[in-house]
Amino acid sequence: MATTDLPSQPAFTIAAQTASLSQGILNVPTSIDSYIGAHGRIVVVTLPDEQRIHCVIDRKNSTKNGARLTNPLLKDFFGNKTQKGNQYRAKVIGTNAISIKIIEPETAPVELTDEKVEQSTDNNE
């Protein structure tokens, strides 16, 4: 299935445990909606585990969020307890393709205290 090239790759953030995802529905934000195809078309969604699923675009039952992408496998992946609390970045890579990657939590840099710096200098003598 070929994708249509986009001038940019619009993206949005999703949380794993939203009610819609636990029902197998991915709501596309209105700011991204115009990049998604027509009602009834198929979008290939690539999940973080590289699993590709075919989701139907639903524009008739959509709310203020724009298009909805539906597939029971979304429920299986995002409803999994191991995904709880995770944040994901969904990038539209074509009118019929979306790639979803996990957003890795940032780790705070380790600050060296004066005591640790003194200890490391003492060890170098």
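A few points about this structure:
- Some residue of the stretch 30-45 being in a strand (DSSP E or B), under 13 Å from the mean Cα position of the chain (by Cα) and closer than 14 Å to Ala90 by Cα: yes
- Answer residue from the stretch 75-102, given it is of a type outside the set (A, V, I, L, M) and open to solvent by less than 30 Å² (accessible area, probe 1.4 Å) and is modelled with the highest pLDDT among those: Ser99
- Among the residues here, Pro72 qualifies as in contact with a Gly (Cβ under 6 Å, 6 or more places away or on another chain) and at pLDDT 90 or above.
- Residue pairs meeting the criteria (Cβ under 6 Å; at least 6 apart or on separate chains; first at pLDDT below 85, in the stretch 14-34; second in a loop (DSSP other than H, G, I, E, B) and open to solvent by less than 50 Å² (accessible area, probe 1.4 Å)): Ala16/Asn86; Ser22/Gly79
- Hits in the stretch 12-66 - residues which are exposed (fewer than 14 other Cβ atoms within 10 Å of the Cβ) and touching a His at 6+ places or on another chain (Cβ under 7 Å): Lys60
- Restricting the stretch 103-125 to residues that are at pLDDT 60 or above and more than 17 Å from Asp49 (Cα to Cα), the residue that is surrounded by the most Cβ atoms within 10 Å (Cβ to Cβ): Pro105
- Top-ranked residue in the stretch 1-11 [being assigned to a loop (DSSP other than H, G, I, E, B) and modelled with pLDDT of 75 or more; ranked as surrounded by the fewest Cβ atoms within 10 Å (Cβ to Cβ)]: Ser8
- Test: residue in the stretch 63-77 that is of a type in the set (Phe, Trp, Tyr), within 17 Å of Ile102 (Cα to Cα) and in a strand (DSSP E or B): no
The values are calculated or read from the model by the stated rules, or taken from the named source; none is laboratory data. Source: prediction; values computed, not measured. Cβ coordinates were reconstructed from backbone atoms using ideal geometry, including for glycine residues, and neighbour counts include every protein chain displayed. Protein only, heavy atoms only, side chains kept; ligands, DNA and RNA dropped before computing areas. Shrake-Rupley method; radii C 1.70, N 1.55, O 1.52, S 1.80 Å.
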